[in-house]
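Here is the structure we will look at, set down as structure tokens.
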Amino acid sequence: MTSLSPPKDKIWWNEPIERTELIWITIVFLWGLVMTFMMPFWHVVGDQNISSETYKTTPEKFMQQTQAFVDEYTVRKDDGPRQYPVVKPPPGGDVYLVARLWDFWPVVELKKGESYRFHLSSLDWQHGFSLQPANINIQIIPKYEHVVTFTPNKSGDYSVLCNEYCGIGHHMMIGKIIVVE
Amino acid sequence: MSEQFRICPDTGLKLYQSTETLIKANAVAAVVFLLVGGIYGLLVGLTRWPAVHLLPADWFYLALTGHGLNVLIFWLIFFEMAVLYFASSVILGSRLAVPKFAWAGFALMLIGALMNNYIVLSGEASVMMTSYAPMDAHPLFYLSLILFAVGALLGCFVFFGTLVVAKEEKTYEGSVPLVTFGAITAAIIAVFTIISGAIILIPTLLWSLGFLAEIDALMYRLIWWAFGHSSQQINVAAHIAVWYAIASIVFGAKPMSEKVSRMAFFMYILFLQLASAHHLLVDPGVSSEFKMFNTSYAMYLAVMASMVHGLTVPGSIEQAQRAKGINAGLFEWLRRAPWGNPTFSGMFLSLIGFGFLGGISGVTMGAEQINILVHNTVYVPGHFHATVVLGTTLAFMAMTYWLVPVIFRRDLIWKGLASWQPYLFGLGMAGVSLFLMGAGTLGVPRRHWDITFSMTGGEVYEFPAAANTLLALNGLSVALAVAGGAAFCLIIVGSLLFGRKLGPDEKLATPHIATPPSDADYEKLGNGITVPGTLVLALVFFAAFAVYYFINWKYLAETWGIS
Ligand code: HEM
Ligand SMILES: [Cu+2]
Ligand SMILES: [Cu+2]
């Protein structure tokens, strides 16, 4: 008898279970519980949990809100090649970041240790918000405005890369976040 | 009307003519698409090696789209059709129900696959296999996938029909064999998968034709992954059925206990279809409760099932070896396994690669918060080259070596190369998997043509130097893996064309199926722990898993606060 032939006993569910199998099933089951526990546990004690606060929006509306944000808080032009406005919102404030074919707009300046409510949406296709080198990766979906609060813990220049394939210019899509002390 | 059959002189299996021809057709189609997809894979891998950077951007995205579709969809599903016909008609010794339907299914799949390759090559569908709306492809792209899926659905119906025929004509007694049970699991999940696919692809087709104004991008992702995720579950169920089959073929092994192995298959049906949420862990609009519920309840119970198979397959081999008297020490049974037989070595490397690399990485990044660290980085392709390539593809390759003489009646050519092939391919793929995962933890994005950002007019991000090194090592591994993949295709196609034809009653020089140990042999093993070696391997696996899992939580704790 093998795995290619019918079970020896017609009533195979009455067969005894081998000891090793029992030990392993117990370990694996408990491990599953540990892993199940870790996720809600991290919601309680951990500092990295993506909020699911989301609103329906439209490209026009989201662009208007971002424009208003830029108009209100722009402090200078970025010294990078694109000369995008550098926008410095007050700590605790809202930040609007547009993802579109093929860039992120505008450049944002944050203060280390302060929290900011980021509003993320796309004006066209799906994009990825990949903040490097902090290694934070979030999906951006058109017509959905996702609100996530970030608290930077190190100062420096950060890049936002697109890591959802978005057509032939995908690899040109890059943005910038500056964190100051 | 009684259909023609023959009895295989090497294995004693009863082979119906129509089953054999269908298995041949599907297996050959599978290997051809693997070859096409492998060539694309080589081009993609070399382009991602920064120092080589082979293809221009548009060709890179085209090739990556073609790669994903040809290997993930066409190679695997054609081969799975062959597995289904084998697990029903051949193992049960029954005629195939309505072979005409099976042929119609095959034709649809072939038309779909060819049409898809045509439209992708034309450059009008470089949208990746996921084709995330609202990015749009040429309508033929969606149509081709629908045709392919309908064809596969027909194949599943023929499989179920054959089970009914076998039962009615009493070609076997009692319950179906475990391998068939595994194939039933795969086929049930396949039906669910194809229906989800239809629910998402048909409206998308209509939308691309202009009949529908809009496809909601989030809804698309949710349903697409109900399809995309459960199709991975088909692969897992099918390759685990193949593991059990090979353990029986090479060692005459029997399941350690029928109940445990069958329950583990059954868990896949119960739980895994809902786990598509683990593809949406960093999406907006999906609540944490939904994400956690689906990953823990739906995924961990299915993960448990895979971990159980991961023990019971080598355990069944250990039992068989010990029953035959290879009983010394912890690992004598493994040391004395036929490592030069590609059917065995391919299967065992598949088991190790799937568990240690694919399993551990997949479950770890499937934790809701840890996903933040790696979502859409090359860590993800690193992970699934361990599951679907080291795991499924290598298992299917191993099975193919065995099928060539049995079904095609050809002696294998280049046996020496064949005995090396699983190591070559396995090593290369393990490299691809590990180095991509490494680069992913440094943030390197997936599906990305240029991580030096040379086209952005000066706005750049400089990855740590290690990222370039890892991608170069990946490039070298790609070369190894492609050599291994090409060797496989050459050996198989070469054997079918030029291998010595075996006469109808001719037996192979070496026995092609092991004689199972007797009940009395098994009784000598006693009632305690009969597989100490496997238990030790499992505990090593568990330790690696737990360490890796918690290291990732530690990494997570080091980044910005997110809430
Ligand atoms: C010789 C063999 C292979 C090589 C060298 C190879 C290499 C690669 C590379 C470098 C990527 C790109 C990662 C990225 O830029 O995002 C990739 C993607 C992928 N590979 Fe492979 N691979 C091989 C075989 C396979 C096989 C056999 C399968 C499936 C059974 C497979 C499934 C995939 C899938 C699904 C993707 C993702 C495509 C996408 O992002 O849409 N690969 N492969
Ligand atoms: Cu983008
Ligand atoms: Cu992109």
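The values are calculated or read from the model by the stated rules, or taken from the named source; none is laboratory data. Only a predicted model underlies this, so the values are computations on that prediction, with no experimental measurement involved. Heads up, the Cβs are rebuilt from the backbone with ideal geometry, glycines too, and the neighbour counts pull from every protein chain shown. All accessible areas refer to the heavy atoms of the entire protein, side chains included, with ligands and DNA or RNA removed. Shrake-Rupley method; radii C 1.70, N 1.55, O 1.52, S 1.80 Å.
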- What residue among A:LEU97, A:LEU120, A:LEU33 shows peak mean-square fluctuation when chain A is described by a Gaussian network model with Cα springs under 10 Å? A:LEU33
- Once the Cα gyration tensor of the range B:307-437 is diagonalised, what are the square roots of 5 times its eigenvalues, in whole Å and ordered largest first, as equivalent ellipsoid semi-axes? 30, 20, 12
- Using only the alpha-carbon atoms of the range B:166-228, report the extent along each of the three principal axes, biggest first, to the nearest angstrom. 55, 21, 10
- Message: In whole Hz and in residue order, list the ³J(HN,Hα) couplings for the range A:126-143 that follow from phi through the Karplus curve 6.51 cos²θ - 1.76 cosθ + 1.60, θ = phi - 60°; x for Gly and Pro.
- Response: 6, 9, x, 9, 10, 8, 10, x, 6, 6, 10, 10, 9, 6, 10, 10, x, 6
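How high is the relative contact order of the range B:1-174? Use alpha-carbon pairs under 8 Å, at least six apart in sequence, and give a whole percent.
Result for the range B:1-174 is 26 percent.
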- Note on the structure: Long-range share for the range A:53-180, i.e. C-alpha pairs more than 17 Å apart as a percent of all pairs, stands at 54
- Set the Förster distance to 30 Å, then compute FRET efficiency between B:ALA557 and B:ALA472 from the Cβ-Cβ distance, nearest 0.05. 0.45
- Note on the structure: Answer in debye to the nearest 20: the dipole magnitude of chain B about its Cα centre, from +1 Lys/Arg and -1 Asp/Glu charges placed on Cβ, is 1300
- Task: Would you look at the GNM of chain A, springs on alpha carbons closer than 10 Å, and say which of A:GLU145, A:GLU18, A:GLU53 moves the most?
- Result: A:GLU18
- Task: For the range A:1-121, build the charge dipole from Cβ charges (+1 Lys, Arg; -1 Asp, Glu) around the Cα centre, then report which of A:ASN14, A:PRO81, A:MET35 sits farthest towards its positive end.
- Result: A:PRO81
- Message: Which residue fluctuates most in the GNM of chain A (Cα springs below 10 Å): A:HIS119, A:HIS146, A:HIS43?
- Response: A:HIS43
- Calculate, in nm to one decimal, what B:VAL547 and B:MET219 gain on full extension: separation in residues at 0.36 nm each, minus their alpha carbon distance. 114.5 nm
- Given charges at beta-carbon only (K, R positive; D, E negative), |dipole| of chain A in Debye: 80
- Message: As I understand it, the dipole of the range A:82-181 uses +1 on the Cβ of Lys and Arg and -1 on the Cβ of Asp and Glu, about the Cα centre. Which of A:GLN132, A:CYS166, A:GLY113 lies farthest toward its positive end?
- Response: A:GLY113
- In nanometres, the difference between 0.36 nm per residue of separation and the alpha-carbon distance of B:TRP339 and B:GLU124 is 72.8 nm
- Task: Starting from the Cα gyration tensor of the range B:192-268, multiply each eigenvalue by 5, take the square root, and state the resulting semi-axes largest first in whole Å.
- Result: 40, 12, 7
- Message: Please compute the modelled spin-label separation between B:MET263 and B:VAL191, points set 7 Å along Cα→Cβ, answer in nm with one decimal.
- Response: 2.5
- Message: In chain B, if the dipole is taken from +1 on Lys/Arg beta carbons and -1 on Asp/Glu beta carbons about the Cα centre, which of B:GLY443, B:GLY366, B:SER94 is farthest to the positive end?
- Response: B:SER94
- Item | Lysine pairs in chain B with Cα atoms under 20 Å, if 8 or more residues apart or on separate chains | 12
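How many percent of the accessible area of chain A is carbon or sulfur, using a 1.4 Å probe?
Working: 4220 of 7280 Å².
The nonpolar share, carbon plus sulfur, comes to 58 percent.
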- Across peptide B:360-368, how many C-beta atoms of other chains are within 10 Å of each residue C-beta, on average? 2
- the range B:1-174 - charge dipole about Cα centre, Lys and Arg +1 at Cβ, Asp and Glu -1, debye rounded to 20: 260
- At 1.4 Å probe size, with no ligands or nucleic acids counted, give the accessible surface of B:GLU558 in Å², nearest ten. 90
- Alpha-carbon Rg with Dmax, taken over the range B:28-169, Å: 17.7, 63
- So if we plug the beta-carbon distance of B:LEU209 and B:PHE290 into 1/(1 + (r/R0)^6) with R0 = 45 Å, what FRET efficiency do we get, rounded to 0.05? 0.90
- Message: Taking R0 as 30 Å, what FRET efficiency do you get between A:VAL75 and B:VAL460 from their Cβ-Cβ distance, rounded to the nearest 0.05?
- Response: 0.85
- Ratio of Rg to Rh over the protein assembly as shown (Cα coordinates, Kirkwood Rh, two decimals): 0.99
- Give a residue-ordered list of calculated ³J(HN,Hα) values for the range B:524-534 (Karplus: 6.51 cos²θ - 1.76 cosθ + 1.60, θ = phi - 60°; whole Hz; x for Gly, Pro). 4, 6, x, 10, x, 7, 8, 10, x, x, 4
- All alpha-carbon distances of the range B:411-563, grouped into 5 Å bins from 0, give the whole-percent distribution 2, 7, 8, 10, 11, 12, 11, 11, 10, 7, 5, 3, 2, 1, 0, 0
- Considering amide H positions built from the backbone, and no H for Pro or chain starts, which residues 5 or more places from A:VAL98, or on another chain, come under 5 Å of its amide H? A:TRP105
- Task: Please work out the ratio of the alpha-carbon Rg of the range A:22-97 to 2.2 N^0.38 Å and round it to two decimals.
- Result: 1.94
- Query: Spin-label point model (7 Å from Cα, Cβ direction): what's the B:ALA51 to A:LEU33 distance in nm?
  - Reply: 5.2
- Note on the structure: Per the helix-only model, chain A has a calculated mean residue ellipticity at 222 nm (DSSP H runs of ≥4, -39500 (n - 2.57) each, divided over all residues, rounded to the nearest 500) of -8000 deg cm²/dmol
- Roughly what would the spin-label model give for A:VAL45 and B:LEU427, points 7 Å off Cα along C-beta, in nm? 4.4
- For the range A:53-180, what number of Lys pairs, 8 or more residues apart or on separate chains, have alpha-carbon atoms under 25 Å from each other? 20
- Task: Sort out for me the Cα centre separation of the range B:380-421 from the range B:40-84, rounded to whole Å.
- Result: 18
- Message: Rolling a 1.4 angstrom probe over the protein chains, ignoring ligands and nucleic acids, what is the accessible area of B:ASP136 in square angstrom, nearest 10?
- Response: 90
- Message: Please give the Cα centre distance for the range A:90-121 versus the range B:174-226, rounded to the nearest Å.
- Response: 37
- Item | Where only C-alpha atoms are counted, convex hull volume of chain B per residue in Å³ | 159
- Roughly how much of B:MET256 is accessible, in Å² to the nearest 10, using a 1.4 Å probe? 10
- Query: Tell me, what HN-Hα J-couplings in whole Hz come from the Karplus equation 6.51 cos²θ - 1.76 cosθ + 1.60 at θ = phi - 60° for each residue of the range B:427-436, using x for Gly and Pro?
  - Reply: 5, x, 5, 4, x, 3, 5, 5, 6, 5
- Eigenvalues of the alpha-carbon gyration tensor of the range B:1-105, times 5 and square-rooted, give semi-axes in Å, largest first, of 40, 13, 8
